[in-house]
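Shown next, in structure tokens, is the structure this report addresses.
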Amino acid sequence: MGGFCGNKNILAPKKCSGEARHRGLTQNSAPGPKGADIKEFGDSESGPPLIPMIHAIEAGNKPMVAAIEGFALGGGLELALGCHYRIAHSKARLGLPEVTLGLLPAAGGSQRLPRLIGVPAALDLIITGRHVTAAEALQLGIVDQVTDHHTVDAAVKFALSVAGRPLDARRISSYSCPPVSGDLDALFEEVMRKVRRGARGAIAPVACVQAVRAAATLPYARGMERERELMATLFTSGQARALQYSFFAQRAVSRWSTPSGARWDASAPKPVRKVAVIGLGTMGRGIAVALAQAGFPVVSVETQEKQLTEAKRAVSQMLERGAKRRGVAAPLDKMSYSSNIQAVADVDLVIEAVFEDMGLKKKIFQQLSAVCKPDALLCTNTSSLDVDQLASQTRNPELVVGMHFFAPAHVMKLLEVVYGPRSSPQALATAMQLGKKMGKVSVAVGNCPGFVGNRMLKAYVEQAFFLLEEGATPELVDSALEEFGFSMGFFKVSDLSGLDVGWKVRKEDGLALPGVSTGPSARIRQGRRYSPLGDLLCQRGRFGQKTGSGWYQYGKPGGRVATPDPWLHSFLEEYRAQHGLVPRRIDPQEVLERCLYALINEGFRILEDGIAAGPEDIDCIYVFGYGWPHYRGGPMFYAAMVGLPKVLERLEHYYRAHPDVPDLQPCSLLRRLVASGSPPVQKWKEAIKKLHSQL
Ligand SMILES: CC/C=C\CC(=O)SCCNC(=O)CCNC(=O)[C@H](O)C(C)(C)COP(=O)(O)OP(=O)(O)OC[C@H]1O[C@@H](n2cnc3c(N)ncnc32)[C@H](O)[C@@H]1OP(=O)(O)O
């Protein structure tokens, strides 16, 4: 008889032909690692091996009861599955989240769970890595009992009640998987098809399906061999390293700091009880929904009556759909609406989400400053405008910050919290905490055009246009980016979000000029190479999906399926001829290097400028806001994986070929990092600090 709370296990990569090892157990409810200590992955092994220990527990002649409190994740749950019975506290959470770290449950989890709860339910848990509540675990058959009381006492009582009963029927490794309805091969083929489509190049979910298939089709011992083989491949993969880096990066960004010395642990957030959203276009609606879903009472203000009526309906529908998906009641009572800005008089925080127009936003900030409580936080959802200019319209500029959400705002995980030179640490802390409560990955960034995400994107977009000028097609560029792991290439994204969005910004920036379509100045703006291709499409009314054509054609306005457009191909040929550009064959590698290294180079400039505190901040922004494949860690981590000397060499190469493109000129931080031996990404912050102290 024994009570176990499994939680600190480790893998030993060197022995690992995938073999799992154990490094000691701690109380599950204790603070610290839940499951294996991810920090220790890759270290040399110590402690008794985990798999033989689980086997010894399972083979024992005394009933072993796992008492589960807090989290039983990964190795913790695998250990519990080796026990003969499992009792969980009602607040416990269980799961096999290894897939989220680029791994699979390799201490027998992939072999025992399907034998215990059946193939479909096990596939769901292992492929998604989701955590289940104790109640769901009971329903699935993972645990035998749930208690609201002291779990170990309950486990001891339980063990006494089963003492003397035969244990053979309790050893999960001796089970066969429960039969599935229908054909097993067909089930796995269907699951594998779906997983491969969704994984977009991630290897762990695919390996998880293969491991569960082994459980369903092979005797236990052979299934374990298969589990070990699959794990060996995953464990040494760059994907696992990237996902484990990302786990800590997400946590690191919540410990924000600014160049002026403000810090997360020295700045207490203000309490936020009620929030207002100004402007109920697409962004405003999403933000209002996300706030209500997080439990905040929201006053939504929209001055145009027609838009207000439409928005009320749309927001209610979004809340109802979300509630249905999550199996909870729709928080409709959290929402109130008004066409009058006076309605925000009693809120603690306002998020302005009106059209991206500085004049309009300034006016609204003046009004807010007059109407709101003097200590209310005034936030803007601008995606690139100067937060400081807006702050200067108010009585209390220290209470102004940017809260840059990403569309759809109730779905996308990223929030850029933009501090201006006058934003107070408390205002920043409050916006960061609100983002966290909304379930966002909140990243504090400095104030500059485009902040972090859009500033870097500009360099990437520019390269995509130049590649078309030089001989590529939208299909070629997009397929290279999709092969890399983006769900959509740049041109498909542009068609989806509307070409007019970028056109408007370029017009405001004085880049898109009317009537300059030929002659030498057509492709030079503000002293550097410029491609007017996007402007030319907009001038022809090709705004993307909404008009039925853009970089692709869609059959009809609002069509969703992109097909290559012969008109666009002829248009590109004519354009090149008109400008004396000789098309050449461009390979996917060049597409990736030009687009991604230009973006990464801008990332280094951002670090140099102190706009982002570290590479983790940039990587979280790209993974959670811009569709950068999670299993590639983010652009800065990717640069480190490729090797900084190689990134530098390729940028130098492309800059020599395109000296009129400053984005390709390697920035000095990159050069310095290479000169100092290319330290690992986790050490860049120190190098940057040193660089700043030398300046
Ligand atoms: C083959 C057998 C061996 C093993 C396979 C495995 O076990 S793989 C690992 C499986 N476990 C996990 O994936 C759990 C990861 N952790 C979490 O999902 C969350 O931390 C959790 C448990 C849901 C708690 O979330 P909460 O928001 O409450 O806390 P937070 O995430 O901020 O974590 C607090 C600090 O603990 C550190 N930490 C958590 N889990 C681990 C871990 N497994 N290894 C190392 N460190 C871990 C986390 O980084 C936080 O540290 P801090 O310094 O405060 O940022």
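Any read-out appearing in this document is the output of simple, stated calculations on the displayed coordinates, not a laboratory observation. The structure presented is a predicted model; accordingly, all values stated were derived computationally and were not measured. We place every Cβ from the backbone using ideal geometry, glycine too, and count neighbours over all the protein chains shown.
Here are the numbers for the structure shown:
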| item | result |
| --- | --- |
| Rg/Rg_globular for segment 267-451, with Rg_globular taken as 2.2 N^0.38 Å and Rg from C-alpha atoms | 0.93 |
| Principal axes of the chain: Cα extent on each, largest first, Å | 90, 61, 58 |
| Length-normalised contact order for the chain - Cα pairs under 8 Å, 6+ apart - percent | 9 percent |
| Cα shape, segment 220-322, gyration tensor, a/c 1.5 rule | oblate |
| Exposure proxy ranking, count of Cβ atoms within 10 Å, fewest first, for 693, 424, 494 | 693, 424, 494 |
| For segment 329-401 versus segment 516-574, the gap between their alpha-carbon centres in whole angstrom | 36 Å |
| Fraction of beta bridges assigned by DSSP in segment 267-451 that are antiparallel (%, nearest 5) | 15 percent |
| Degrees, to the nearest 10: 305-326 long Cα axis against longest axis of the chain | 20 degrees |
| Cα gyration tensor shape for segment 50-89, rounded if a/c is under 1.5, else prolate or oblate | oblate |
| In sequence order, calculated HN-Hα J values of segment 245-256 (Karplus, 6.51, -1.76, 1.60; Hz; x Gly/Pro) | 4, 5, 4, 6, 4, 4, 7, 5, 5, 6, 9, 6 |
| Spacing of the two label points (7 Å from each Cα toward its C-beta) at residue 340 and residue 487, in nm | 4.2 nm |
| Long pairs among 194/324; 361/556; 361/436; 91/685; 373/436, criterion Cα-Cα beyond 31 Å | 361/556; 91/685 |
| Fraction of beta bridges assigned by DSSP in the chain that are antiparallel (%, nearest 5) | 30 percent |
| Long-range HN-HN contacts of residue 72 with modeled amide H, under 5 Å | 93, 94, 95 |
| Length gained when the stretch residue 508-residue 314 is fully extended (0.36 nm per residue, less Cα-Cα span) | 66.8 nm |
| Cα-based helix-to-principal-axis angle, 204-217 vs the chain, degrees rounded to 10 | 30 degrees |
| Crossing angle, helix 220-235 versus the chain [Cα axis fit, 0-90 degrees, rounded to tens] | 30 degrees |
| Residues with amide H under 5 Å from that of residue 524, placed H, sequence gap 5 or more | 530 |
| Calculated FRET efficiency for the pair residue 62/residue 90, C-beta based, R₀ 25 Å, to 0.05 | 0.40 |
| Convex hull volume per residue in cubic angstrom - Cα atoms of segment 472-578 | 107 Å³ |
| Fewest-first ranking of 150, 84, using other Cβ atoms within 10 Å as the exposure measure | 150, 84 |
| Neighbour-count ranking [beta-carbon atoms within 10 angstrom, fewest first] of 620, 448 | 448, 620 |
| Cα-based Rg / Dmax (Å) for segment 588-694 | 13.0, 40 |
